[in-house]
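Chemist: Take a look at the following structure, please.
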Amino acid sequence: MNFKSNNPFLGNKNFSKPTVHSYSHDENNTLIDYGQEMTVSGTINKSFFMLLLLTATASLTWWMAFNGFNPLPFAIGGAIIGFVLVLISSFRPQYSPYLAPAYALVEGLFIGGISAVFEAMYPGIVIKAVGATLVTFLVCFGLYKYQIVKVNEQFKSVVIAATLAIATYYLISWLLAMFTSFVPVHYGNSPMSIGISVVVIIIAALNLFLDFDLIEKGAKNRQPKYMEWFGAMGLMITLVWLYIEFLRLLSKLSSRN
């Protein structure tokens with residue numbers, strides 16, 4: 001089976017279709033390419049820009065939480081709007097230059113609010129989660145760049161199958177917890193719960209390899225320039241997931257002390 005990334009962006013078929021450019025000649029009969037193409041460096045630059053936007057709005061809800069204001073309405077609203085933007089852009093990638101920055105802004109509201117909640121309960125946890133996420137990203141990027149880890153079809157199949165299994169488990173557990181007295185095993189700070197968090201973090205990290213691979217392939221297939229925003233947005237989705245999972249793991253470990 002030919003699996004794609006679980007990320008609704010980076011698994012999009014637009015990454016695998018070669019771009020058709022229009023050409024013309026100037027008065028000196030020089031060939032002119034009017035199509036702007038996606039590049040890996042361009043995607044990285046846009047990813048950093050989105051990270052700055054996310055940090056800015058995260059700082060806002062963080063400030064609110066520690067200055068007598070309730071950041072939860074903004075955090076919840078940011079999460080909902082961010083999800084809607086993800087859906088729209090997954091079907092209309094040509095709008096990514098507008099939707100991707102908007103996603104970073106609203107997702108920052110969510111990240112700042114949820115981070116403040118964890119920080120209030122476990123002082124120092126946020127900087128640890130940020131550091132762990134950054135180190136994980138750099139390690140995965142290095143392993144991919146120097147081809148220590150190679151993304152083949154078997155690798156993709158295993159990672160996507162594991163990711164879908166986690167998503168299904170989370171969804172069923174959430175529904176059962178809402179409507180019954182069932183307590184999911186990943187709740188609390190038991191050794192089993194901690195072990196599940198570790199596994200989820202590993203799977204989230206492995207998704208980064210798929211993200212890197214599909215961005216690189218998008219550039220090789222000469223996708224249009226707006227796909228840089230599309231790829232950057234998809235990469236940020238994975239990083240946000242990874243960061244939240246680190247927060248959860250660290251909170252479980254801290255609560256056992």
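The values are calculated or read from the model by the stated rules, or taken from the named source; none is laboratory data. Source: prediction; values computed, not measured. Don't worry about glycine lacking a Cβ; one is built from the backbone with ideal geometry, like all the others, and counts go over all protein chains shown. With ligands, DNA and RNA removed, areas are computed over all heavy atoms of the protein, side chains included. Shrake-Rupley method; radii C 1.70, N 1.55, O 1.52, S 1.80 Å.
Chemist: Compare Ile237, Ile76 by solvent-accessible area with a 1.4 Å probe and give them largest first, with all protein chains kept in place. Let's see the in-between values first.
Modeler: On the way: Ile237 40, Ile76 100 Å².
I get Ile76, Ile237, largest accessible area first.
Chemist: Based on a Kirkwood Rh over C-alpha pairs, give the Stokes-Einstein translational diffusion coefficient of the stretch 107-159 at 4 °C and viscosity 1.567 mPa s in µm²/s. List each step's numbers first, then the result.
Modeler: Details: Rh = 13.5 Å.
My calculation gives 96 µm²/s for D.
Chemist: Same structure again: If each Cα of the chain is one equal point scatterer, what is log10 of I(q)/I(0) from the Debye formula at q = 0.10, 0.12, 0.13 Å⁻¹?
Modeler: -0.54, -0.77, -0.89
Chemist: Could you order Phe91, Phe48, Phe118 by accessible surface area, starting with the largest, using a probe radius of 1.4 Å? Write down the numbers at each step before the final one.
Modeler: Values: Phe91 150, Phe48 125, Phe118 35 Å².
These residues rank, largest area first, as Phe91, Phe48, Phe118.
Chemist: Quick one: ranking Arg222, Arg256, Arg248 by accessible area, 1.4 Å probe, largest first, what do you get? Please list the in-between numbers first.
Modeler: Values: Arg222 95, Arg256 130, Arg248 65 Å².
Sorted by accessible area, descending: Arg256, Arg222, Arg248.
Chemist: Between Met178 and Leu87, what is 0.36 nm times their sequence separation minus the Cα-Cα distance? Round to one decimal in nm.
Modeler: Working: separation 91, 0.36 × 91 = 32.76 nm, distance 2.48 nm.
So the extension gain works out to 30.3 nm.
Chemist: Can you compute the modelled spin-label distance between Ser157 and Ile202, with each label point 7 Å from Cα toward Cβ, in nm?
Modeler: 2.0 nm
Chemist: Here's something else I'd like to know. Residues of the chain: accessible area per residue at 1.4 Å, in Å²?
Modeler: Values: 13770 Å² over 257 residues.
The answer is 54 Å² per residue.
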